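The values are calculated or read from the model by the stated rules, or taken from the named source; none is laboratory data. None of the values given here were measured: they were computed from a predicted structure. Every residue, glycine among them, receives a Cβ derived from its backbone with ideal geometry; neighbour counts consider all protein chains shown.
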Amino acid sequence: MKRILLASVVVLTLGSSALAQSTIVPALIPNLGTTIMIAPEQRAKIVKFIIQQKVKPVELGKHLAIGEKLAFDVELMVFPSDWGPALSRYGFVYSQDGIAVVEPSSHRVVQIIE
């Protein structure tokens, strides 16, 4: 029992320090599939990028939710490659619901930034 408790503490300690260093963390949410957690400073950077680039919102005709698949004819924009592979591997769509971060191969929404 003590070994299990000690192992749990080690895993939690190592896991929390790894999370603190990363700005994008994959997570599995039941019934939604894989999503990502984006640190607040990275979210602010994304919003600033949208404003500076004067990205126009697209009309999707429906509200977006995490886990939802977009139609494959919806054009995804790309994040700058110099932001690193953790974010540049995703695309995004700016709509009335906010900024939807999308996994390009499946067109599944993995995060929404409002």
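Assorted remarks:
- The residues in the range 61-98 that are among the aliphatic types (A, V, I, L, M), loosely packed, with under 15 Cβ neighbours inside 10 Å and in contact with a Ser or Thr (Cβ under 8 Å, 6 or more places away or on another chain) can be counted, and the count is 1.
- The range 23-63, residues that are under 14 Å from the mean Cα position of the chain (by Cα), in a loop (DSSP other than H, G, I, E, B) and at pLDDT below 90: THR23, LEU32
- Scanning the range 68-114 for residues that are charged (D, E, K, R) and part of a strand (DSSP E or B) returns LYS69, GLU103, ARG108.
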